[in-house]
Amino acid sequence: MSEEILVWLILLPPFIGCLITPIINKIKASLVPVTSVLVLLVSGISASIAFIQNLSGDWNTYHNSTTWIEFKSLANIELSINADPLSIFMAFVASFLGLLIAAFSLEYMSEDKSKLQYWFFIQLFIGSMNMLVLAGDFLLLFFGWELVGLCSFMLIGHFSYKPGEDGLKARLSGIKAFLFTNLADSGFFLAIVVMYKEYGSFDFAIIKNANPSTANNLIAIGLVVAAFGKSAQFPFIPWLSSPDRVDIDAMQGPTTVSALIHAATMVKAGVYLVSRVYLVVNIKPSEGFYWFIIVIAGGTALITALSALTSVGIKRILAYSTVSQLAYMFMSLGIAFAALEDEQELSIQAFNYAQFHLLSHAIFKSLLFLSAGYIIHIYHDKKITSLKGVAHWDKNPILAAGIISGSLALSGIPPFMGFFSKESIISVSYELGFEHDSSIGKTAYVLALLTAIITALYCARFIYYLIFADSEQEETTKDDQSIFMKGVIAVLSVFAVIGGLFGFKLFDYFEEVHGGVETEGLGLFVSHSILNALIIISALALSFYSLLNYQTSITRIQSFWLIKWITTISAEGFYLDDIWQLGWIFTKSWVYKIRRLHTGDLNWTIGLIGIVTITVIGTIIGGVDL
Amino acid sequence: MLPVIGIFIAATMAIFAKKSNKLISTLLYLPILVTELVVMIIIYNDFTDLTNGYKITDNFILHGFTISIVIFIQALLILIGIFSIFYIREKDQSTYFALFYSMNLGIILIFTVSHLFLLFISWELMVLTGYLLVLFPKTEESLEAGFKYLVISTVGSLNILFGIGLLSGISTDLSYSNISSTAITDELLGKLGFTFLILGFGVTAGMIFLNQWLPDAHPAAPAPVSAVLSGIMVNAGIYGMYITYQLMTNSTTEILSAQVIVIIATITMTEANLLIIVQFLRDDSKDIKRILAYSTIVHLSYLMVITPFALGDGSMILLLHIFTHGIAKTLLFLITGYFLMLTGSRDLRDLRGIGRKYKSIGVIIFIALMSLGGLPGTGGFVSKLLILLLFYQKIDQMELFSNSVNEVFVLILIINGFLAFIGYLWLMKYLIFDEPNEETKIKPLSKLNDNIIKGVLIILTLSLLFIGLFPDEVLSRISVKLP
């Protein structure tokens, strides 16, 4: 099929779908979920065909632009679509996984009281993400970016209609997500304003081919800050996951929404944006920029892995884990930037590994979230400690397979998908750090390996509680979920097991976006991954063994003061929520004082007017040079 | 002439007819507004001399910029007029419309005259009728707010008058063309004259501390009047400043005053955004109209910050933001009026969750607030984006400050966008997402009234979305009429 048709078939159906959803709802409300899934099916199939065409080398980058605003002398703003391999890859992740999650929702959300709103925003969410990744300029990308933020706000707060505390938490969580991401988006806005002044355009191709501007670093930093906000990196972690005590975060949304946010859409947008910056913005090398990315990402990876290890909410563990895994992708991109000038091949490898991990994470994380949703749907409980043994093999083999394959992929155990992608990132940081003697690489390696070990520990804990621990749930709970839910979990489990074997194909796939430079990823992976893999496997095995046989020893270790202290602060999400809260309280008390300026007293007002008048006249007449 | 006919009819009705009804009001008042709009559109289409404009007399010259703004005002006034017919008590409608037309006349004259003294007279007509309209509910609150408005506006008018007086010392003729072409021999006099004009117009344009009338007058006035004040009248202040910059020929004064205006506008914007947050923190009252009034100051500051640079094509950006803000704010004030009709309250605590009960209104509030917040797909985003692009380009070209300071100003404007967003989300939480306040008694409107009001609101909402998605459709129509 032609590139043009496929691109429009990916892009338009979700938007058309959300526009017709209210009409269908008027005609027959029960048809809304089915028509929505059908619409997403068109988009998902088209994205899959485009992705396969790309893999087989049968794809020419599609570019189309249209004038959006034309001013005589001031501005000529174009909006463009650019379907290169990276865009198609991301559109495939968003549309295909979005489709699977929507299919899962058919049953999962069947009892929901606000179906119209749910399906409207699910379609808009996927459509906006497609717009974001298929944009050929930073302005259209920003459109998609903001719409994705809006949809996440509405979907996280979906249960606002519930009475009492549940509804309140949903409302506050939606608002929190929107505020945090919007604060970070200020960086994006600044970047596009500066970009336009420097290049007179937002178009990727124009910016890439223009002479690099000195403002490029400012542009890049603005965009990276926005990406960190969207992907919940430090200090924006709390919107996606906050401690169990606070319980106001993106986990308040339906689990299908969590899966969509974590696996297919929102948080991946940040990684995509930084990848685009890598490909488009000619950044003048600056050590501070790489350090900024790697230190923030590495630190985030480590602290959120620790928080995942100490949290008890089933979705919260997965949420912290998402942040941690996203940080791997950012670290890899940081390495790509760091190696860009002197080690081009290594740089390209690091870029490709980030994309590989993005794909693999999208699969195993949607699998884990949907499995968690399945459990919550049946048991109406979210605490892992009270869900012991609920996914035992004997009770539900498909669910057990989903949790085991998802968790092992997340830990990076061979031959699961995460093994290949995560080990690749650890390997590339090793290569830069020790083979090329770079302190940035060494730092990234240490942080990545430590995080991988902790990831193995919390995955072991996750599997242990849900599958191997003695069940405390009453056996009367009925597991009569539909074929849709089980089918989606089964499909994703298969991908999580075998997907990694095809991952290195991505190196050929991304050749075009790197200007035809040929690189291969398998060699580097093979040369460095064995030791790392052994360390991770040992951590997982040790953790399992201890959980199964030495519970008293674990309790004793946990009572050691240092471990206890780390456990406490990790479980509290390193008090990031409280720090933001303190900042807000301080701001409120300070802001409230401003009210004194507007007392309403006329004498005071006239006095203030006098002050302004004298100041303005004095400045202009006096000719004070500002 | 048409507004004068309107004033005459309304005044006659007020004297002779004890009572009016909605049908009579509709038949009497709306045709005049519609005719005004049609006439303006005809003039706009016929007008070809882009540089010299459409000359009615020597001192009444219409340009592409002014006709566009008058057409926009007329269109908004028609919608506000329809709403007023249902909002204002029937027995007060004639008096109300007499004042409404007087204000309409004042505003149109402000945009069509090309002589500073005539501008001042038109200005006074607008300000005084505005005062009477704020007083219209005849409550203690409106009397106090009206008095404050009158006193502060008088200070503004005196500044304008003083400025005109000083400029008359330089230029014998106060027509715009003459002032802008006269070489300023006495620099001090020129600087003083322009500065007083800027300060005078700054009162209506919501400049910091000079804006203290605004948050009191908006809540006290009837909802459609608040819509006129916020969506239309305050723009006259910005237009006054715009004209002042058009008349300035001395570049030193221009750069100096541009620096001052940029600083004042950013401070004003920040102050108003923080005061929006303060309104939510108050325990005594959470007045939705006061919050919207502060939001108006924020958007006026966006306009103010580009006024010194809005010459030539830049005026289109000014115009676009006037449109998008005017529509969104009119929409929100009319919705406030709708809620007042339903519940008799404008306190957010009483209006909690009302958008859930009235879903279509909830969606409209959502779109209007998102437009004010600058979300892509809405008109507010387009105008805000263009303002920032123009602002950064111009302050860099003019070397208004050093490079890094210029960037800091851009960043301040962007951060202010985020601050405003906090307020809009908070407002949304109260009106749309919170659980409805069951203690609030709702008195439903008749189906006809309800549908007509919703029709008005839908037209405004669709315009916001249209501008947001297809800005060029609007801008290209205006730009062909600009020199």
Among the residues listed as B:453, B:458, B:478, the single one being open to solvent by 30 Å² or more (accessible area, probe 1.4 Å) and touching a residue at least 24 places away in the same chain (Cβ under 8 Å): B:458
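For the condition open to solvent by less than 10 Å² (accessible area, probe 1.4 Å), of a type in the set (Ser, Thr, Tyr) and closer than 30 Å to residue A:111 by Cβ, what is the one hit in A:371, A:386, A:347, A:360? Please lay out each step first, then the result.
Numbers: A:386 fails: open to solvent by less than 10 Å² (accessible area, probe 1.4 Å); A:347 fails: closer than 30 Å to residue A:111 by Cβ; A:360 fails: closer than 30 Å to residue A:111 by Cβ.
The unique qualifying residue is A:371.
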Residue count for region B:21-54, restricted to those that are in contact (Cβ under 8 Å) with a residue 40 or more places away in the chain and of a type in the set (Val, Ile, Thr): 4
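Identify the residue in region A:86-119 that is in contact (Cβ under 8 Å) with a residue 40 or more places away in the chain and outside any helix (DSSP H, G or I) and, among all such residues, is surrounded by the most Cβ atoms within 10 Å (Cβ to Cβ).
From region A:86-119, those in contact (Cβ under 8 Å) with a residue 40 or more places away in the chain are A:86-110, A:112-119; that's our starting set.
Now restrict to residues that are outside any helix (DSSP H, G or I): A:109-110, A:112-114.
Details: A:109: 22, A:110: 12, A:112: 17, A:113: 10, A:114: 14.
By that ranking, first place goes to A:109.
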Residues within region A:293-312 that are small (Gly, Ala, Ser) and either more than 18 Å from the chain's Cα centre (by Cα) or surrounded by fewer than 20 Cβ atoms within 10 Å (Cβ to Cβ) (or both), tallied: 2
Among (1) more than 9 Å from chain B (Cβ to nearest Cβ); (2) surrounded by 13 or more Cβ atoms within 10 Å (Cβ to Cβ) - the single one residue A:595 does not satisfy: (1)
Extreme residue, nearest to the other protein chains (Cβ to nearest Cβ), among residues of region A:120-130 that are crowded, with 24+ Cβ neighbours inside 10 Å and among the aliphatic types (A, V, I, L, M): A:129
Candidate set from region B:358-373 (those that are open to solvent by less than 10 Å² (accessible area, probe 1.4 Å) and within 12 Å of chain A (Cβ to nearest Cβ)); member that is farthest from residue A:197 (Cα to Cα): B:362
Residue match in region A:283-292 (condition: open to solvent by less than 10 Å² (accessible area, probe 1.4 Å) and either acidic (Asp, Glu) or within 22 Å of residue A:332 (Cβ to Cβ) (or both)): yes
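Confirm whether residue A:138 is over 30 Å from residue A:245 (Cβ atoms), within 11 Å of chain B (Cβ to nearest Cβ), surrounded by 22 or more Cβ atoms within 10 Å (Cβ to Cβ) and not β-branched (Val, Ile, Thr).
Values: over 30 Å from residue A:245 (Cβ atoms): yes; within 11 Å of chain B (Cβ to nearest Cβ): no; surrounded by 22 or more Cβ atoms within 10 Å (Cβ to Cβ): yes; not β-branched (Val, Ile, Thr): yes.
Answer is no for this residue.
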Subset of region B:410-430 (residues that are more than 7 Å from chain A (Cβ to nearest Cβ), buried (at least 20 other Cβ atoms within 10 Å of the Cβ) and closer than 19 Å to residue B:260 by Cα): B:413, B:416
Scope region B:378-409; condition surrounded by fewer than 19 Cβ atoms within 10 Å (Cβ to Cβ) and at the interface with chain A (Cβ under 8 Å from one of its Cβ atoms); matching residues: B:393, B:396, B:401
Failed condition for residue A:600, given (1) open to solvent by less than 40 Å² (accessible area, probe 1.4 Å); (2) in a helix (DSSP H, G or I); (3) at the interface with chain B (Cβ under 9 Å from one of its Cβ atoms): (2)
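Scan the helices (runs of 4 or more DSSP H) fully inside region A:158-267 and keep the ones with 2 or more residues being open to solvent by less than 20 Å² (accessible area, probe 1.4 Å) and within 14 Å of chain B (Cβ to nearest Cβ). Before the answer, list the steps.
Numbers: elements: A:164-199, A:204-209, A:216-230, A:255-259.
Filter on region A:158-267 gives A:164-199, A:216-230.
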Hits in region A:46-64 - residues which are touching a residue at least 12 places away in the same chain (Cβ under 8 Å) and either β-branched (Val, Ile, Thr) or within 14 Å of chain B (Cβ to nearest Cβ) (or both): A:49, A:61
Hits in region A:183-236 (condition: charged (D, E, K, R) and touching a Leu at 6+ places or on another chain (Cβ under 8 Å)): A:197, A:208, A:230
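Kindly indicate which of A:193, A:257 is under 21 Å from residue A:136 (Cβ atoms), out of contact with any Asp or Glu (no Cβ under 7 Å at 6 or more places or on another chain) and of a type in the set (Val, Ile, Thr).
Values: A:257 fails: under 21 Å from residue A:136 (Cβ atoms).
Just a single option satisfies the conditions, and that option is A:193.
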Helices (runs of 4 or more DSSP H) enclosed by region B:133-209 - at least 2 residues per element that are under 30 Å from residue A:601 (Cβ atoms) and open to solvent by 10 Å² or more (accessible area, probe 1.4 Å): B:140-168, B:187-204
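The values are calculated or read from the model by the stated rules, or taken from the named source; none is laboratory data. All values reported here derive from a predicted model rather than from experimental measurement. Every residue, glycine as well, gets a Cβ built from its backbone with ideal geometry; the counts of neighbours run over all protein chains shown. For accessibility, only protein heavy atoms count, side chains too; no ligands or nucleic acids. Shrake-Rupley method; radii C 1.70, N 1.55, O 1.52, S 1.80 Å.
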